[in-house]
Protein chains: 2
Amino acid sequence: MFTPATADQRFVLDHIVGIGELAESERFAAASSDVVDAVLDGVGQLAEGEWAPLNRAGDTVGAKWTPEGVVMPDGFVKAYHDYVEGGWGTIGVAEEFGGQGLPFAIQTAVLDTLGGANMSFALAPTLTVGAIEALAHHGSPEQQALYLPHLATGEWTGTMNLTEPQAGSDVGALRSSAKPLGDGKWSIKGTKIFISFGDHDMAPNIVHLVLARTPDAPAGTKGISLFLVPKYRLNADGTPGDFNDVRVVSIEHKMGLHGSPTCVLSFGDNDDCIGELIGGEFGGIRAMFTMMNNARLNVGLQGVQIAERATQTAVGYARERIQSARAGSTSRESVAIIEHPDVRRMLLRMKAQTQAARALVYLAAAQVDRAALGEAGAQDRLEILTPLAKAHGTDIGCEVTSLGIQVHGGMGYIEETGAAQLFREARITPIYEGTNGIQAADLVGRKLGLANGAVFAQLIADMRAEAEDQGLITLIDTCEEIGRGLMTLDADDKLAASYPFLTMLSTAVCGWLMERQGRIAATSDGDPAFLAMKTAAARFYVAQIVPEAMGLKAAATAKADVLYSIPAETFAA
Amino acid sequence: MFTPATADQRFVLDHIVGIGELAESERFAAASSDVVDAVLDGVGQLAEGEWAPLNRAGDTVGAKWTPEGVVMPDGFVKAYHDYVEGGWGTIGVAEEFGGQGLPFAIQTAVLDTLGGANMSFALAPTLTVGAIEALAHHGSPEQQALYLPHLATGEWTGTMNLTEPQAGSDVGALRSSAKPLGDGKWSIKGTKIFISFGDHDMAPNIVHLVLARTPDAPAGTKGISLFLVPKYRLNADGTPGDFNDVRVVSIEHKMGLHGSPTCVLSFGDNDDCIGELIGGEFGGIRAMFTMMNNARLNVGLQGVQIAERATQTAVGYARERIQSARAGSTSRESVAIIEHPDVRRMLLRMKAQTQAARALVYLAAAQVDRAALGEAGAQDRLEILTPLAKAHGTDIGCEVTSLGIQVHGGMGYIEETGAAQLFREARITPIYEGTNGIQAADLVGRKLGLANGAVFAQLIADMRAEAEDQGLITLIDTCEEIGRGLMTLDADDKLAASYPFLTMLSTAVCGWLMERQGRIAATSDGDPAFLAMKTAAARFYVAQIVPEAMGLKAAATAKADVLYSIPAETFAA
């Protein structure tokens, strides 16, 4: 039903992340080869044995709102508890905060496996990671001491409270308020929407990180501060005590991801919701970006998760479903549909895209670790890769789950095969944590121009230095040319071209990483079946998917004028 | 909420279908310009006023199975009755069978509008059309006299019963049986699955067309015969009488299209199900193709329908949703999101793709009429366009509904906006009536080689003669080169390349038709808003979507070897 992609994860950790090199540092010395294997295998057992079997109930039963709070489907509380007990939440958290201090890239692999088993469920730990990051970077020592150990284990979960009905992509439009009570306490009031795991029954406390406005704050993003608002206030001994006036008003009726309650939260209905500042007043946006940047990688990773699951499901079905003789064959015997060329094309494309997305997201994750080690250029590389990992990883998740339905034929449209659930769930990922359009805007508006274009130039140079396939080299050259041109354009033209350019550049990066993996696989010792599949997937990616991206050149160099040649009022004509 | 795309339909009827030319024939003399406008407006009123408001209940309430049969949601029975009363079912049916004898292209426009309002509902008339075609071409005079007048009005509905659990794409594997009872009657026995509108409460009778095997029939498709099996047998006066032992066992739990009951039908549980042959024994496949060919166009049309609805929904939302100031603007005022370049890009792409799909499907529909008039080459043109219309029309439906969700941002994932419903519903269309992979196989396996390639060559020549844009000409030339090459390949290589090639050729045809429309719009009198939008959509299509298809050249010329470089057994590695 679900098999953790341990072999591919390990291969990518070795050859894309450079986990061996990371483990040579003092900081990540614990990430020895044995430990890495033990982590991948251990979380794989939890995911396969306990999380994956709950995936369907997450969808069909789903999280339920009750007046006492949100109730998870049967089995989730125990499965979450076993995750906490196994120490899987602590993998990437610094030792000083109660974690194991392993690389972020290893934590990425852990979430990859958990989310492959059950994407909606894995969102709970994913969000907790965001809260940990924000507190680790911006919290006071007291806050860190009180909250981080409980968040690190996952005993308590974390949430991110940004969105309000009028403030979605435009977070600066938010209206939730914080009034000073003295003693560093603030009275929080406001309604937040789209809060994933905003409430549930798996943890004795939930730590809400809430963006709000202090009195007389300037308008827009500059006037926003971040507050720590626990569901239950802490007693003197640090245990959860009184209810903190955070009510879950309702949960959304979504197309999928029913295992993840998407909450409307009301803070301070009874004027009794108390929060503390995280970082300084008006430091909210900075803290939010700390939280969101890793969250963006983790959402890109959701694309990998759901693509992996969809590919496995489709391969399994295609091997068992017998239908029609093979065209051109002398035998008139019906064969498993995996034998038909177009079905194989879909399956190999699914494999290739899934592996490519994994390589892209893990490469970005590795930069988090390399930046932590102070490696020159790593932070910059992380900055430019983040929108690619988020947007392209999730686009691939959507494409692969759609192919997964197609491989199933009519059965793909019937809910019982599970292919439909994956397709429905994937579709949220290009939207949340900054829509993919926002990622594209970030790429052309901020990231291309970092260090006057030197960060982009270095990425291009690194790809070009290694690329061998002529089609891949052409794509890299074209991305360079288009990227340089984009920097000189005005906002409208830049943005009109942003999404096609993001896809081109992401494909170039994936092509670079897939070609490298194919080269290594061809001369590696190891499981011959895995290496043969890697070789085929790499070959397919470079030969067939890389050239596709060149087809976007016209769109990535088009100007905005055609878009504005009709006024908004007559757009429906 | 839904506005019939009357202006675009009329434009396409005029400039792609050549409705004026058709109306010059004796056969279609009734299709005068006034009549065309009256039909488009009239069905538009029914669709907008009565069918569109039921679309949401079709999804949320859905058709329900009961022991007495399938019950439609409130309002459907009346809305269907008004469709019958309005005479909308009779549009394309020959006058000798009680119809109005208008061109198939006009019927296409009628279904376009009805399905845009309510795609799942419009499947009922769509299937009835298939039954009418089969009876009109292959039925006996008695069968035609008894059944066609009731089917023509839609008073009775029709179904197509092909699929069995072990016989999906491989229809030749079916096992339902027919035993002769004498007097031209046959005892039918078997279970059929995936029968759209296999049962419902909107009509006093349902005419099932059932593929089954007669005793000692040869294996495979050659041994299949088509039977007419009414739900209620006809009395001597032709009215529905005794129940004919056709039970609806269950309906499927699908990802969408809940307004269309997908039935498991059991024929002859009590050995009391009586059918009649349609056409000769073993003539089932031929009759089925008559039924399916037009059905394929009508499913391609569903792509147009759902894309139209999704585009309207997204444009409406994007005009109302206020979020963020426009980048690069001096004003910091938030604007409607339709003002942001990447949102506009999505919306214009949706418009362009929807219009392109409409032009492609209507062009194919026009060939049905031209073939009926005996126009040289029309039947051949229809043959080669059918897989393109079905597959590419539905691929566009999926793409456009996905973009529709993205334009809505987080709200797109919440069911209440309706964007999610459209996305879920579109996803069936690349699967049924022959998966799009089957369409691609049909294109490269049968259609390219028609008349030794002359049919394909003529299509290429016609496009080249009119195309002006260099990018479009390049695509046409490339399609020609690839198509010629494909004809010489073995089955595996041909099929491995089939889907990318189908997309390329479809895009070339769409580019040809969109360029033509843009050229005409630039010099036409008419609604300036419509003409400006058509011009922009055409410009966008030719400049940005046509070049994308060139990116598929590598895949369309790749061989199958990479697909078979790993054995099926290790594909999951």
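Points to keep in mind about this one:
- Entirely in segment B:203-267, the strands (runs of 3 or more DSSP E) that have 3 or more residues that are open to solvent by 30 Å² or more (accessible area, probe 1.4 Å) and within 30 Å of residue A:418 (Cα to Cα): B:246-251
- Subset tally (residues that are assigned to a helix (DSSP H, G or I), in contact with an Asp or Glu (Cβ under 8 Å, 6 or more places away or on another chain), away from chain A (no Cβ under 14 Å) and open to solvent by 10 Å² or more (accessible area, probe 1.4 Å)) for segment B:460-506: 2
- Residue list for segment B:368-410, restricted to those being more than 14 Å from chain A (Cβ to nearest Cβ), open to solvent by 10 Å² or more (accessible area, probe 1.4 Å) and either part of a helix (DSSP H, G or I) or in contact with a Gly (Cβ under 8 Å, 6 or more places away or on another chain) (or both): B:368, B:370, B:371, B:372, B:379, B:380, B:381, B:382, B:383, B:392
- Flag: residue A:319 does not match the condition of being surrounded by 19 or more Cβ atoms within 10 Å (Cβ to Cβ) and either at the interface with chain B (Cβ under 10 Å from one of its Cβ atoms) or not in a helix (DSSP H, G or I) (or both).
- Scope segment A:507-530; condition more than 30 Å from residue B:544 (Cβ to Cβ) and open to solvent by 20 Å² or more (accessible area, probe 1.4 Å); matching residues: A:516, A:519, A:520, A:522, A:523, A:524, A:525, A:526, A:527, A:528, A:529
- Qualifying residue in segment A:533-556 (condition: more than 10 Å from chain B (Cβ to nearest Cβ) and surrounded by fewer than 20 Cβ atoms within 10 Å (Cβ to Cβ)): no
- Spans of helices (runs of 4 or more DSSP H) in segment B:89-185 with at least 3 residues β-branched (Val, Ile, Thr) and outside the structural domain of residue B:196 (by TED's automatic domain parsing): B:104-117, B:119-138
- Check on residue A:360, more than 12 Å from chain B (Cβ to nearest Cβ) and touching a residue at least 40 places away in the same chain (Cβ under 8 Å): yes
- Single unsatisfied condition, residue A:365 versus (1) under 28 Å from residue B:438 (Cβ atoms); (2) open to solvent by less than 10 Å² (accessible area, probe 1.4 Å); (3) among the aliphatic types (A, V, I, L, M): (1)
- Which listed residue, of A:133, A:155, A:142, is more than 18 Å from the chain's Cα centre (by Cα) and closer than 25 Å to residue A:79 by Cα: A:155
- Residue ID - nearest to residue B:143 (Cα to Cα), chosen from residues in segment B:73-92 that are aliphatic (A, V, I, L, M) and open to solvent by 10 Å² or more (accessible area, probe 1.4 Å): B:84
- Of the residues making up segment A:519-564, those that are touching a Phe, Trp or Tyr at 6+ places or on another chain (Cβ under 9 Å) and within 17 Å of residue B:533 (Cα to Cα) are A:562, A:563.
- Considering (1) within 30 Å of residue B:571 (Cα to Cα); (2) under 26 Å from the mean Cα position of the chain (by Cα), the lone condition that residue A:497 does not fulfil carries the number (1).
- Qualifying residues in segment B:97-115 (those that are more than 21 Å from the chain's Cα centre (by Cα) and of a type in the set (Gly, Ala, Ser)) - the one modelled with the highest pLDDT: B:99
- Options A:437, A:449, A:453: the member that is on the phi > 0 side of the Ramachandran plot and either open to solvent by 10 Å² or more (accessible area, probe 1.4 Å) or out of contact with any Asp or Glu (no Cβ under 8 Å at 6 or more places or on another chain) (or both): A:453
- Residues satisfying the stated conditions in segment A:488-505, i.e. closer than 18 Å to residue B:403 by Cβ and not aromatic (Phe, Trp, Tyr): A:495, A:496, A:497, A:498, A:500, A:502, A:503
- Taking the criterion of being assigned to a loop (DSSP other than H, G, I, E, B) and either at pLDDT below 95 or touching a strand residue (DSSP E or B) at 6+ places or on another chain (Cβ under 8 Å) (or both), the only residue of segment B:53-66 that qualifies is B:63.
- Scanning segment B:520-536 for residues that are more than 30 Å from residue B:556 (Cα to Cα), in a helix (DSSP H, G or I) and either touching a Leu at 6+ places or on another chain (Cβ under 9 Å) or in contact (Cβ under 8 Å) with a residue 40 or more places away in the chain (or both) gives B:520, B:521, B:522, B:530, B:533, B:534.
- Segment A:5-51, residues that are open to solvent by less than 20 Å² (accessible area, probe 1.4 Å) and either in a loop (DSSP other than H, G, I, E, B) or within 14 Å of chain B (Cβ to nearest Cβ) (or both): A:5, A:8, A:9, A:11, A:18, A:28, A:31
- Leading residue by the ranking (nearest to the other protein chains (Cβ to nearest Cβ)) among those in segment A:557-568 that are part of a helix (DSSP H, G or I) and open to solvent by 50 Å² or more (accessible area, probe 1.4 Å): A:564
- Residue count, segment A:61-86 (criterion: over 14 Å from residue A:260 (Cβ atoms) and in contact (Cβ under 8 Å) with a residue 60 or more places away in the chain): 5
- Candidates A:279, A:284, filtered to the one that is open to solvent by 30 Å² or more (accessible area, probe 1.4 Å), farther than 19 Å from residue A:424 by Cβ and in contact (Cβ under 8 Å) with a residue 24 or more places away in the chain: A:279
- Residue check, residue A:327 hydrophobic (A, V, I, L, M, F, W, C), buried (at least 24 other Cβ atoms within 10 Å of the Cβ) and either in contact with a Leu (Cβ under 9 Å, 6 or more places away or on another chain) or farther than 27 Å from residue A:536 by Cα (or both): no
- Residues of segment B:330-357 satisfying the condition of being of a type in the set (Gly, Ala, Ser) and either more than 8 Å from every other protein chain (Cβ to nearest Cβ) or open to solvent by 40 Å² or more (accessible area, probe 1.4 Å) (or both): B:331, B:334, B:352, B:356, B:357
- Residues of segment A:269-288 satisfying the condition of being touching a Gly at 6+ places or on another chain (Cβ under 7 Å) and either among the hydroxyl-bearing types (Ser, Thr, Tyr) or in a loop (DSSP other than H, G, I, E, B) (or both): A:282
The values are calculated or read from the model by the stated rules, or taken from the named source; none is laboratory data. Predicted, not measured: the structure shown is a model, and the values here were computed from it. With ideal geometry, Cβ positions are generated from the backbone for all residues, glycine too; neighbour counts draw on all protein chains shown. We work out accessible area using only protein heavy atoms, side chains counted, and drop any ligands, DNA or RNA first. Shrake-Rupley method; radii C 1.70, N 1.55, O 1.52, S 1.80 Å.
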